[in-house]
Structures are given as structure tokens and as C-alpha cells.
Amino acid sequence: MVREQIGNANEFILPFIYTLFFFILICNLTGNVPYSYTVTTSIIVTLGLSFTIFIGVTFLGLYIHK
């Protein structure tokens, strides 16, 4: 599904998307273990991921498209 949305020319982004997906998946699945802490409930992790990705995508878009 991801490959259909981004096209063949942008396949260099796929490892990043898959890594991000599995990081969030595993962090959320740890919440199913009794007495464990889900890392993604922390606002600093959520904001850190979102700001880093937003700034990175913005700089990459400006670099590629001038």
C-alpha cells in the first residue's frame, strides 16, 4: 500500500517508513505487558518524533525541489 502511494521513484523513503512503523508498533505493544510502560504515551517522545520528522521532511523537500 505504501509503495502504491509514493510511486517507484521515491522508494528510498521506504526503509524510513517501515522503521518508523515498527518502532511505534513495538512501543505500543509493550503496553500489553502487565506492569510495563508504553514509551509512546510520553509527550516528549511524541513531540520529538513529530518535530524531527517534520523538520527533516521540510529540509529534504527544500533541498530536492529548491
I'm told GLY61 meets every condition in (1) loosely packed, with under 11 Cβ neighbours inside 10 Å; (2) under 17 Å from the mean Cα position of the chain (by Cα); (3) within 25 Å of VAL2 (Cα to Cα); (4) at pLDDT 90 or above except one. Can you identify the failing condition by its number? (4)
Among the numbered criteria (1) open to solvent by 90 Å² or more (accessible area, probe 1.4 Å); (2) not in a helix (DSSP H, G or I), which single criterion is violated by GLN5? (2)
Mind listing just one residue for me: the one in segment 16-45 that is farther than 22 Å from VAL2 by Cα and polar (S, T, N, Q) and, of those, surrounded by the most Cβ atoms within 10 Å (Cβ to Cβ)? THR40
Could you tell me whether VAL2 is within 16 Å of the chain's Cα centre (by Cα) and of a type outside the set (D, E, K, R)? yes
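The values are calculated or read from the model by the stated rules, or taken from the named source; none is laboratory data. The model shown is predicted, which means the values in this text are computed figures rather than measured ones. For neighbour counting, all protein chains shown are included, and Cβ atoms are generated from backbone atoms with ideal geometry for every residue, glycine included. Heads up: the accessible areas ignore ligands, DNA and RNA and are worked out on the full protein's heavy atoms, side chains in. Shrake-Rupley method; radii C 1.70, N 1.55, O 1.52, S 1.80 Å.
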